[in-house]
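Chemist: Submitted below is the structure of interest, expressed as structure tokens.
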Amino acid sequence: MSSTKTAPVENSVFQKVISHAKEYGFVFPSSEIYDGLAAVYDYGQNGVELKNNLKMCWWKSMTQLHDNIVGIDAAILMHPKTWVASGHVASFADPMLDNKDSKKRYRADQLLEKHTDELKANGQAEKAQQVLDEMNKLLTDNDLKGLLDLIIAEKIKCPLSGTANWTEIRQFNLMFSTQLGAMAEEASEIYLRPETAQGIFVNYLNVQKTGRMKLPFGIAQIGKAFRNEIVARQFIFRMREFEQMEMQFFIQPGTQKEWYEKWKTTRLKWHKALGLPAEKLQYHDHVKLAHYADAAVDIEFEFPFGFKEMEGIHSRTDFDLTEHEKLSKKKQQYYDNDINKNYVPYVIETSVGADRLFLAHLCNAYTEEQGVDADGNTKERIFLKLHPAVAPIKAAIFPLTKKDGLPEKAMKIFDDLKLDFKVTYEEKDSIGKRYTRQDLLGTPFCITVDHQTLEDDTVTVRYRDTVVQERLPISALRAKIEHETSMKRIFEQL
Ligand code: GAP
């Protein structure tokens, strides 16, 4: 067990986002009172709301906006043969090596990629590409000796010890295993699923038959996945327990190129509709394909530590279903009555990490702005510019003071709005401090009840992003909040 405190952070903006996440109840290190558990995190009271909103937005985009996509919720534990068929037992491994002086462990491909980034930064783009091409070839051939030779030839050193005193490279399987059954002699080894996709594959005929689904159709799922990441870094970017949102789209063989392109476009559009800026999103085609894919692309987001994978779109062919058919000896064919033929469908997969999506939104939302206060002094304002539809709290309701019946009036508004929205009531501290606190949580509206409210039933509504205030009748609040925070406005763009 190692402490999360030692995790290197890449730059100061990222450091600020991490501190913000902790300080304002978004993300805490797991079991922190015991100094944390490396690469495992807990979501706090505001983090869980943001994450649930992101998940709901994905879930509805898949299962509500498409009448040919349905959802399931499969178990984390599956029959161990599942992972033999999927290829994870044989080949879900990372090539690792240790530096003998610092005793630090590294992923060979990540050491080489970092080296090529440095070459590019020094104007040696051509050389960098040569090294990357060579690395990809060696990875494809599983030539571990060749990979080590390349690391040595490129004079790559351990950033901690500064030496090139490397062990040989070995493959480490990333699956966590545990025992099923209480008695040691009867127990069998099973795995915590490293991807949610297999729960979909093994249920595809159950869903197809019971739902009378016709190809093309999709099955969506949100759930936990586990990987014993050897090099776990960058806060919640690479975790050992994380959540995936995956959708397998079952299609006729031969149509995979067309559907792959369609889902590539659809998914990028989705990220933009949720407010991630186009310039911070890019595609990255895979050179080295996973064992199951005939084409694959990542949607990368520009995190403070660079463009990195947030979602993968994979053309998985009929690999998984065919392998399950072989090992289970149960037919996985679909009868297509349009063409009177039986066949094993091909599959296009979209797979986004809920935690990486959360991190992308948090990093994107974190805003520091110079402003001028009422006395003309320059002041820095920090706020989370989250899309209102995913913000943890939709509106905060404040009485201006704690007397003259203002709290009662404000509480009445709170009691009314809470039936439709996640809202909060606050009467402690000055109104300025209360605004600041809600800005830090990303709450899009603050509603203040003052003495005028008692006379004419109007309140001030203060907007997070512009700090502009306007006076609105209480009767207009529900429609206003509904319009600004509804997911409908996202869905209309898709
Ligand atoms: N079923 C395909 C699959 O699992 P993947 O590219 O290994 O493909 C899909 O993972 C997504 O899951 C990634 O794009 C990423 O968002 C998320 N993910 C993978 N490993 C992760 C980890 N260790 N921590 C957090 N998210 C992870």
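Chemist: Restricting to strands (runs of 3 or more DSSP E) lying wholly in region 1-118: which have 3 or more residues that are touching a Lys or Arg at 6+ places or on another chain (Cβ under 9 Å) and touching a residue at least 60 places away in the same chain (Cβ under 8 Å)?
Modeler: Where strands (runs of 3 or more DSSP E) fall fully within region 1-118 and carry at least 3 residues being touching a Lys or Arg at 6+ places or on another chain (Cβ under 9 Å) and touching a residue at least 60 places away in the same chain (Cβ under 8 Å), they are 93-98.
Chemist: Whether any residue in region 98-112 is of a type in the set (Lys, Arg), touching a helix residue (DSSP H, G or I) at 6+ places or on another chain (Cβ under 8 Å) and surrounded by 13 or more Cβ atoms within 10 Å (Cβ to Cβ) is what I want to check.
Modeler: no
Chemist: Oh, and also: Regarding region 370-384, can at least one residue be identified that is buried (at least 22 other Cβ atoms within 10 Å of the Cβ) and either of a type outside the set (Ser, Thr, Tyr) or not assigned by TED's automatic domain parsing to the domain that holds Glu323 (or both)?
Modeler: Yes, because at least one residue in region 370-384 is buried (at least 22 other Cβ atoms within 10 Å of the Cβ) and either of a type outside the set (Ser, Thr, Tyr) or not assigned by TED's automatic domain parsing to the domain that holds Glu323 (or both).
Chemist: Quick check: anything in region 194-207 more than 24 Å from the chain's Cα centre (by Cα) and without any contact (Cβ under 8 Å) to a residue 24 or more places away in the chain?
Modeler: Within region 194-207 (the criterion being more than 24 Å from the chain's Cα centre (by Cα) and without any contact (Cβ under 8 Å) to a residue 24 or more places away in the chain), the answer is yes, since at least one residue qualifies.
Chemist: Considering only residues that are part of a loop (DSSP other than H, G, I, E, B) and buried (at least 16 other Cβ atoms within 10 Å of the Cβ), look in region 234-258 and name the one that is farthest from the ligand (Cβ to nearest atom).
Modeler: Among residues in region 234-258 that are part of a loop (DSSP other than H, G, I, E, B) and buried (at least 16 other Cβ atoms within 10 Å of the Cβ), the one farthest from the ligand (Cβ to nearest atom) is Gln252.
Chemist: Further question: Which condition breaks for Thr453 when tested against (1) without any contact (Cβ under 8 Å) to a residue 40 or more places away in the chain; (2) assigned to a helix (DSSP H, G or I); (3) crowded, with 17+ Cβ neighbours inside 10 Å?
Modeler: Just one mismatch for Thr453, condition (1).
Chemist: From the list Leu359, Leu400, which residue is open to solvent by 60 Å² or more (accessible area, probe 1.4 Å) and either modelled with pLDDT of 95 or more or small (Gly, Ala, Ser) (or both)?
Modeler: It is Leu400.
Chemist: A further question on this structure: Is it the case, given these coordinates, that Asp429 is surrounded by 13 or more Cβ atoms within 10 Å (Cβ to Cβ) and not assigned by TED's automatic domain parsing to the domain that holds Leu50?
Modeler: no
Chemist: Wholly within region 337-388, which strands (runs of 3 or more DSSP E) include no fewer than the required count, namely at least 2 residues that are within 26 Å of the chain's Cα centre (by Cα) and more than 16 Å from the ligand (Cβ to nearest atom)?
Modeler: Strands (runs of 3 or more DSSP E) meeting the threshold: 366-372, 378-384.
Chemist: Among the residues of region 294-320 satisfying the criterion of being open to solvent by less than 20 Å² (accessible area, probe 1.4 Å) and either of a type in the set (Gly, Ala, Ser) or more than 14 Å from the ligand (Cβ to nearest atom) (or both), which is farthest from Pro253 (Cα to Cα)?
Modeler: Gly312
Chemist: Could you list, in sequence order, all residues of region 200-222 that are over 18 Å from Tyr334 (Cα atoms) and open to solvent by less than 20 Å² (accessible area, probe 1.4 Å)?
Modeler: Ala220, Gln221
The values are calculated or read from the model by the stated rules, or taken from the named source; none is laboratory data. Please read all numbers here as calculations on a predicted model, not as lab measurements. With ideal geometry, Cβ positions are generated from the backbone for all residues, glycine too; neighbour counts draw on all protein chains shown. Heavy atoms of the whole protein, side chains included, go into the accessibility calculation; ligands, DNA and RNA do not. Shrake-Rupley method; radii C 1.70, N 1.55, O 1.52, S 1.80 Å.
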